[in-house]
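K.L.:
Here it is, the structure, as structure tokens.
The values are calculated or read from the model by the stated rules, or taken from the named source; none is laboratory data. Here the structure is a predicted model, which is why all the values come from computation and not from measurement. Quick note on the areas: whole protein, heavy atoms, side chains included, nothing else; ligands and nucleic acids left out. Shrake-Rupley method; radii C 1.70, N 1.55, O 1.52, S 1.80 Å.
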Amino acid sequence: MRLNNKKENSFCIVFGFHYICSNFMTSLKEKTANGLLWGSISNGMQQLLNLVIGIFLARLLSQSDYGMVGMIAIFTALGSSLQEGGFISALNKRKNASHKDFNAVFWTSIAIGISFYLLLFFCAPLIAAFYHQPKLTALTRYITLGFVISSFSTAPRAFLFRNMMVRETSIMTITALAVSGIVAIGMAYTGMAYWGIATQTIVYILVVTLLSYYFSGWRPRLHFDFTPVREMIGFSSRLIATNVFNIINTHVFSVILGRLYTPSDVGNYTQANKWNTMGSSLISGMISGIAQPVFTRVEDDSDRQKAILRKLLRFTAFLTFPLMLGLALVAKEFIVILITDKWIESASILQMLCVAGAFLPISTLLYNLIISRGHSSAYMWSTIALCMTGLVMALLMSRHGIHAMVLAYVVVSIAWTGVWLRLAQRETRLSTFEFIRDISPYLLLSVVLCLAAHFIAGGIENIYLRFFSKILLVAVPYLCILRLLGSTILKESIKFIFKHQI
């Protein structure tokens, strides 16, 4: 299949995508390109910092330490989602949002954050009793302080998001990650175990909150008018419900494992899921930073929106399939080299999760289109159905062990890409054939190369040589074959990289 299409127009996308419709508004093109530029820089730097921090912490801490924090991860995630309240997306969707709208969200978010913290403060003993871990009472009360701190940043972060200030957001998140990581490593080194991971979360939220005010320039007023919130609640409430079920779907394994198994089992799963998330979010985070605002600004032109969607699909597939399937290929070597063989049990879990992670950025792109069209209810019900399906499958497979549960999750996650596609098709005239044609070359090429690398390099005894051989056997042929096929994406990527060296 020849990937070159001379009729396609160029559009700038960082680290690999320099093509968008030529009739697209210049200002939006520039914002999109800059957003993707800083989005890719931010995600790349974040994953690099996460890699370094993760290596130090994994070597210093035990599976049980990660398991303790992993058990309450669902509660911290739920609190963060409820505190944000879907207002960032609602403000982005709102026409001509004023300071009055942001101010109403500011005070509402604080009220929700404090209320949810108090609820979990008094429920902490119940959480500890559920897991049969008394130490979780104090840990829960400590880590959930982040809800209160984070509630002060919802409005300024919404301002940054609405105005596509990705550069400022990138600097903010990288700084917060670096500072919180240093604190966590220092605490772990002094023997404070899981308290270091908990403090990392709180410090990260604190730095993000402070810098969000610095970069946005937005300031609240002591004025209480919640009329804008009442007007946005219909849209945002559906996003809240959606996020709640999304979080349940993401953390259901930690809850079931924490209840039925040991903290060490939770720790192994948490470690594997962390590395998988780092890989997939490298792409999905960059796409999420610009997709929704861009789709919103062209919502009145379905042809233009479809053209942007297809080109973003090709770019996403171009990056995510070799990255995630490649990570699955080298999972065992990756784990042993970076965080020692004490975590080897997490490697097989990581391999399975990476297969699902390969499709996550594509799903992210599709549901961002759905949200941008104002159909938060469709997004909500689809996510609820996904969550319930995943929960039922996890419970049914729990008797067969962790690997059976993860395998069921992978199957459901990949299959649900078809659901997101069907919903996106209602908003655009994107056909299933066009979707498959856009992503299949990169998927098939990545699968074939990963299988070949596995058989060719699998017999190498030296773990370092085997690790790098597998990477080279996938990366080099992948780029060479695309170049021989005349891939427009690859050509524009190379052109953009040389044109915008940083």
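K.L.:
Could you state the principal axis extents of the C-alpha atoms in region 48-167, from the largest down, to the nearest angstrom?
P.N.:
50, 37, 17
K.L.:
Taking N as the number of residues in region 250-391, what is its Cα Rg relative to 2.2 N^0.38 Å?
P.N.:
Normalised by 2.2 N^0.38 Å, the Cα Rg of region 250-391 equals 1.21.
K.L.:
With viscosity set to 1.306 mPa s at 10 °C, what whole-number translational diffusion coefficient in µm²/s follows for the chain from Stokes-Einstein and a Kirkwood radius over Cα pairs? Spell out each step's value before the answer.
P.N.:
Working: Rh = 23.5 Å.
The calculation lands on 67 µm²/s.
K.L.:
Hey, what did the chain get for relative contact order, percent, Cα under 8 Å, at least 6 apart? Could you put the intermediate results ahead of the total?
P.N.:
Values: 737 pairs, mean separation 113.0, N = 502.
Averaging sequence separation for qualifying contacts and normalising by length gives 23 percent for the chain.
K.L.:
Could you sort out which of K95/K274; K332/K491; K306/K491; K93/K311; K95/K306 sit more than 29 Å apart by Cα distance in this structure? Present the calculation step by step, with values, prior to reporting the outcome.
P.N.:
Details: K95/K274 37 Å; K332/K491 33 Å; K306/K491 22 Å; K93/K311 23 Å; K95/K306 22 Å.
In this structure, K95/K274; K332/K491 exceed 29 Å between Cα atoms.
K.L.:
Quick one: order M164, M192, M393 from most to least accessible surface, probe 1.4 Å. All intermediate terms of the calculation are to be shown ahead of the outcome.
P.N.:
Numbers: M164 20, M192 85, M393 65 Å².
Output order, biggest surface exposure first: M192, M393, M164.
K.L.:
Still on this model: List the residue ranges in the chain for DSSP H helices whose C-alpha atoms run 30 angstrom or more along the long axis and whose Kyte-Doolittle average is 0.0 or above. Working shown, then result.
P.N.:
Values: long enough: 26-60 (50 Å, 0.48); 99-131 (45 Å, 1.33); 166-189 (34 Å, 1.32); 194-216 (33 Å, 1.23); 227-260 (46 Å, 0.74); 263-297 (47 Å, -0.19); 302-329 (39 Å, 0.65); 376-397 (31 Å, 1.50); 402-427 (38 Å, 1.01); 432-457 (36 Å, 1.43); 463-484 (32 Å, 1.67).
The qualifying helices are 26-60, 99-131, 166-189, 194-216, 227-260, 302-329, 376-397, 402-427, 432-457, 463-484.
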